[in-house]
1. Which of (1) crowded, with 20+ Cβ neighbours inside 10 Å; (2) under 23 Å from the mean Cα position of the chain (by Cα) does residue 272 not meet, given it meets every other one?
2. From the list 127, 81, 76, 50, which residue is in the same structural domain as residue 147 (by TED's automatic domain parsing) and either under 20 Å from residue 27 (Cα atoms) or surrounded by fewer than 21 Cβ atoms within 10 Å (Cβ to Cβ) (or both)?
3. Would you check which residues across the stretch 85-134 are assigned to a loop (DSSP other than H, G, I, E, B) and either touching a helix residue (DSSP H, G or I) at 6+ places or on another chain (Cβ under 9 Å) or modelled with pLDDT of 95 or more (or both) and list them?
4. Taking residue 101 as meeting all but one of (1) assigned by TED's automatic domain parsing to the domain that holds residue 241; (2) free of Cβ contacts under 8 Å to residues at least 60 places away in the same chain; (3) more than 15 Å from the chain's Cα centre (by Cα), write down the number of the exception.
5. Out of the residues in the stretch 26-47 that are at pLDDT below 90 and within 16 Å of residue 3 (Cα to Cα), state the one that is surrounded by the fewest Cβ atoms within 10 Å (Cβ to Cβ).
6. So for the stretch 43-57 (the condition being within 23 Å of the chain's Cα centre (by Cα) and not in a loop (DSSP other than H, G, I, E, B)), does at least one residue qualify?
7. Residue by residue through the stretch 67-84, note down the ones that are over 18 Å from residue 9 (Cα atoms) and outside any loop (DSSP other than H, G, I, E, B).
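The values are calculated or read from the model by the stated rules, or taken from the named source; none is laboratory data. Given the structure is predicted, the values throughout are model-derived calculations rather than measurements. Counting neighbours? That spans all protein chains shown, and the Cβs are built from the backbone with ideal geometry, glycine included.
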């Protein structure tokens, strides 16, 4: 049944966003608060099963206690006229699987930024005794304003033992077995270290574009998680720092005792990484894990304001000149409104051809305080102008470190041909 256009208590259901094994997801307007929410409605066939209903409500209420910048917030769980639902934060953006499919693995700095934020979400959930049990790229959202948010804690399970999954049954998808910990495959008692393993599989895919184990059936993949060692990351991608490879492979240890024992330990190691060309955070991260994301956002508020101002200029200019052009506002929203901490999502949403008619002055690329920041901004903007600006603003740095910076900028420039733009629509603001 499609609930689009219907009223469910305080929620006016707008359209369907997707569906999963347990629920359909809709975009809805919560009228009393004037906000958009993602409304998960339990499927009718499951709503008749009291066991599923109890699980649905119990886990949603537990997850509602997780208030954190890197976790999709649950606002309300209830039942109206026999319809069981969860109202949660509506995240505008794409999940990590979609971003990887479109762009491939990101640069090391962007990858580590995503990893730190995802690990921070697991740190918070572990504090509340909640195990996600289904960490995978589809459940990691990259928002349009630059945050990483882990979703579906509402369908996780509170720490307890349960039967092993039936990996031979007809209809089992590959999604979960690709990311299952060995102890989850065997149906053993799980703790937060199981989520760390699944996050390690996700990080492996983030860095290489592939999962460590593949197979024709769910069972064959599960057996590999139990018995095989993944290929070394450094053999698949030579630009990865040794420390980063070591971190991911420790997350993928078969024995939980050999993994990170907590997400806190994982975060500390991720922070200590020495990234070529300078750390993601320039060494300004706080030691307080609970305030980590907050302080990160505060440190970047200047960059966010600059990006927002640029977006405002572009939207006003483009709207005035192309009022009749469908989809223009969507493009404007996809260009600049992202923090450096989530730069990859802006690249994934870019639609170059629709920039025709925008004032060239609105596309001007501001100079950043360092070549690293300029490169990050270019990643965020996703345009040829952004990458040309790297070389024009920092010629000395590019000249002094050609292997580190120049090839990176020129490779990106090659991905953005002038032919993508209608005649006369694109003019590099620095060259006139």
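1. So the condition that residue 272 fails would be (1).
2. 127
3. Those that are assigned to a loop (DSSP other than H, G, I, E, B) and either touching a helix residue (DSSP H, G or I) at 6+ places or on another chain (Cβ under 9 Å) or modelled with pLDDT of 95 or more (or both): 92, 105, 106, 107, 128, 129, 132, 133, 134.
4. Going through (1) assigned by TED's automatic domain parsing to the domain that holds residue 241; (2) free of Cβ contacts under 8 Å to residues at least 60 places away in the same chain; (3) more than 15 Å from the chain's Cα centre (by Cα) one by one, residue 101 breaks only (3).
5. Here the answer is 45.
6. Within the stretch 43-57, none of the residues are within 23 Å of the chain's Cα centre (by Cα) and not in a loop (DSSP other than H, G, I, E, B).
7. 71
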